[in-house]
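Working notes, structure below.
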Amino acid sequence: MASLTSIATPYPSSSRVKSTLFSAGVRSATMGSGHTTSSSSLVKIRCASTKPAAEVDWRQKRELLLEKRVRSVDVKEALRLQNENNFVILDVRPEAEYKAGHPPGAINVEMYRLIREWTAWDIARRLGFAFFGIFSGTEENPEFVQSVEAKLDKDAKIIVACSSAGTMKPTQNLPEGQQSRSLIAAYVLVLNGYKNVFHLEGGIYAWSKEGLPVETEDED
């Protein structure tokens, strides 16, 4: 079955605004009139043509994660860091999965969410999912960064978690590791200035398998 991230998040381009992110951290926006504005500081411009994280090649994401020294930690180390060093576990799974069981004290911000709109483009995406037998299509959460920023400052010590996680470690079958929702989320966080980002190896599945504490929340 095709990966969700490979078909969930292509956004339509905008004919009115085109944005480019340069490696030096400068965004330049070219408007329909042909005028260009730029800033020497990192300015976030969120528009329909901004490239979703899932469309960035995994090699590029992995290179940035390694460059920013994002480290994977196992579940027991994560629990110790949470208890002793004020680390926060950021659970990026869908809200329903989070409520069904998560590490105590973890906060939830969905990296992907159910497709909400009913534009022609969104209907086409729903049909694309249905073609593969998936009737609850998801999209990259456009409010992910804003939601995290509302809860955690840029110096917060964060361990990003999803269901079973991916890995940055090379193996014989996966020489460049394998991406996951939590690694994509970690990539987005370091791209947006978060300085202390870690990744939960094995995800919530490994956490539960080790018999570590889990709490649940009632559905609304």
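Just a few scattered comments:
- Any chance VAL92 is open to solvent by less than 30 Å² (accessible area, probe 1.4 Å), in contact with a His (Cβ under 9 Å, 6 or more places away or on another chain) and modelled with pLDDT of 90 or more: no
- Residues of the stretch 59-94 that are under 13 Å from LYS169 (Cα atoms) and part of a helix (DSSP H, G or I): ARG59, ARG62, GLU63, LEU65, LEU66.
- Pairing residues of the stretch 52-69 that are over 16 Å from GLU140 (Cβ atoms) and touching a residue at least 12 places away in the same chain (Cβ under 8 Å) with residues that are open to solvent by 30 Å² or more (accessible area, probe 1.4 Å) and part of a loop (DSSP other than H, G, I, E, B), at Cβ distances under 9 Å and at least 6 apart in sequence or on separate chains, gives ARG59/GLU176; ARG62/GLU176; ARG62/GLN179; LYS68/LYS195.
- Residues satisfying the stated conditions in the stretch 175-204, i.e. under 18 Å from the mean Cα position of the chain (by Cα) and open to solvent by 70 Å² or more (accessible area, probe 1.4 Å): GLN178, LEU191, LYS195
The values are calculated or read from the model by the stated rules, or taken from the named source; none is laboratory data. Source: prediction; values computed, not measured. Cβ sites come from the backbone with ideal geometry, for glycine too, and all protein chains shown count toward neighbours. These accessible areas exclude ligands, DNA and RNA; they are computed on the full protein's heavy atoms, side chains included. Shrake-Rupley method; radii C 1.70, N 1.55, O 1.52, S 1.80 Å.
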